[in-house]
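Below is one structure, written out as structure tokens, with a few remarks after it.
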Amino acid sequence: MSVKKVTVVGAGNVGATAAQRIVEKQLANVVLVDIVDGLPQGKALDMMQSAATEEFDTTIVGANDYEPTANSDVVIITAGIARKPGMSRDDLLATNAKIVGGVTEEIVSRSPNAIIIVVSNPLDVMTFLSWQKSGFPAERVVGMAGVLDSSRYACFIAEALNCSIKDVRAMVLGGHGDTMVPVPEYTTVNGIQITQLLPEEKINEINVRTQNGGAEIVKYLKTGSAYYAPSASAVAMAEAVLLDSNRILPACAYLNGEYGISDVYCGVPVSLGANGVTKIHEIELRQNSLDALQSSANDVKELCEKMKALA
Ligand code: APR
């Protein structure tokens with residue numbers, strides 16, 4: 001089997017860490033692209049010089065142009081600005097829309113068969129924009145948020161229960177913003193619903209902490225936003241595509257009537273494999289979770305309208 005190729009656009013905190021995880025796991029050869037002269041080249045060379053010690057023989061190169069990205073199997077878009085304290089993800093809208101739109105055009109002209117994984121915020125709107133600019137079928141453009149939000153949820157649940165995080169399976173749906181929807185009815189510890197393990201008030205408290213999971217980190221870091229968990233989540237999705245493993249994961253996908261939601265990208269459970277999103281799973285939700293999902297999708301739609309007005 002020939003080695004796969006992944007392009008990571010944006011050699012900042014999320015992009016460089018994602019690139020590092022991909023080469024260290026030997027999932028693919030990586031092209032790291034950034035507009036800042038020398039930044040992707042320097043980071044790529046630095047990572048190559050860790051290969052002997054970390055024992056990987058996948059490769060990484062840095063570039064400021066898109067020629068080396070040709071025929072990528074997967075493209076992860078992390079280009080853009082990150083949040084500072086006091087900013088919401090939505091505050092990034094105008095700047096990141098220009099960046100993500102331009103990056104998508106560069107990518108698709110050289111990698112017409114790629115699966116695009118969008119990470120730049122505001123996530124759901126940037127994924128919609130990237131899909132529109134790409135001209136790709138919707139199943140080949142997907143956003144990374146549900147894996148991250150669910151992983152944050154799992155972290156807080158394991159902490160509250162003082163149990164191994166390996167046994168926690170958490171689910172967060174909806175838009176990647178304050179209105180994201182933690183779904184306790186599908187969140188389990190080795191099959192046991194958390195509603196049987198934790199009192200309702202504690203679950204509610206964890207839900208709110210999950211919704212503010214990114215902001216909590218921005219507050220600590222002050223100069224940027226989270227990147228270890230976001231990069232791990234993006235790489236988990238890339239791995240599902242590269243290995244065609246058909247994982248069922250929460251991800252930001254294009255909805256066309258599912259859950260009563262149309263013409264918007266939003267976080268739902270999907271099957272993810274070599275062809276991208278091969279299925280959107282329309283699972284039964286408690287009424288309050290379904291209401292919250294629809295309301296979250298509406299918020300994404302409003303932000304999409306705002307973006308269209310800016311264009
Ligand atoms: N083309 C390529 N790279 C670009 C472009 C562009 N047009 N514009 C900006 N970049 C690069 C920047 O030069 C920078 O190196 O994107 C990188 C972003 O890195 P960071 O500022 O470290 O931001 P990061 O924490 O990686 O977050 C990136 O992911 O999680 C989201 O909200 C986050 O939207 C943000 C994105």
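Results, tabulated for the structure shown:
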quantity: The chain: radius of gyration and largest Cα-Cα distance (Dmax), Å; calculated: 18.6, 55
quantity: Efficiency of FRET from Cβ geometry, residue 205 and residue 278, R₀ 45 Å, rounded to 0.05; calculated: 0.80
quantity: Full-extension gain in nm, residue 195 to residue 55, via 0.36 nm per residue minus C-alpha separation; calculated: 46.0 nm
quantity: In nm, spacing of pseudo-spin labels at residue 228 and residue 311 (7 Å Cα→C-beta vector); calculated: 3.8 nm
quantity: Extension gain from residue 159 to residue 212, taking 0.36 nm per residue of separation minus the Cα-Cα distance; calculated: 17.4 nm
quantity: The chain - mean residue ellipticity at 222 nm from DSSP helices (-39,500 (n - 2.57) per run, n ≥ 4, rounded to 500); calculated: -13500 deg cm²/dmol
quantity: Modelled FRET efficiency - R0 35 Å, residue 113 with residue 46, Cβ distances, 0.05 increments; calculated: 0.70
quantity: Candidates per trypsin sites (Lys or Arg not before Pro) in the stretch 254-311, loop by DSSP, up to 13 other Cβ within 10 Å; calculated: 286
quantity: Residues of the stretch 71-100 with amide N under 20 Å of the 7 Å Cα→Cβ point at residue 132; calculated: 77-81, 89-100
quantity: Acute angle (nearest 10 degrees) that the helix 287-310 long axis makes with the longest principal axis of the chain, alpha-carbon atoms; calculated: 40 degrees
quantity: Förster radius 25 Å - calculated FRET efficiency between residue 295 and residue 70, Cβ distance, rounded to 0.05; calculated: 0.05
quantity: Alpha-carbon gyration tensor eigenvalues x 5, square-rooted, for the stretch 1-48, Å; calculated: 18, 10, 9
quantity: Size descriptor, Kirkwood hydrodynamic radius, that averages inverse alpha-carbon separations across the stretch 56-164, Å; calculated: 15.5 Å
quantity: Protection proxy ranking, peptides 224-236, 7-19, average beta carbon neighbours within 10 Å, highest first; calculated: 7-19, 224-236
quantity: Where labels lie 7 Å past Cα in the beta-carbon direction, separation of residue 87 and residue 36 in nm; calculated: 1.4 nm
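Quick note: the coordinates plus some simple rules give every number you see, no bench work behind them. Just so it is clear, the model here is predicted, and its values are computed rather than measured. Quick reminder, even Gly has a Cβ in these numbers, built from the backbone with ideal geometry, and neighbours come from all protein chains shown.
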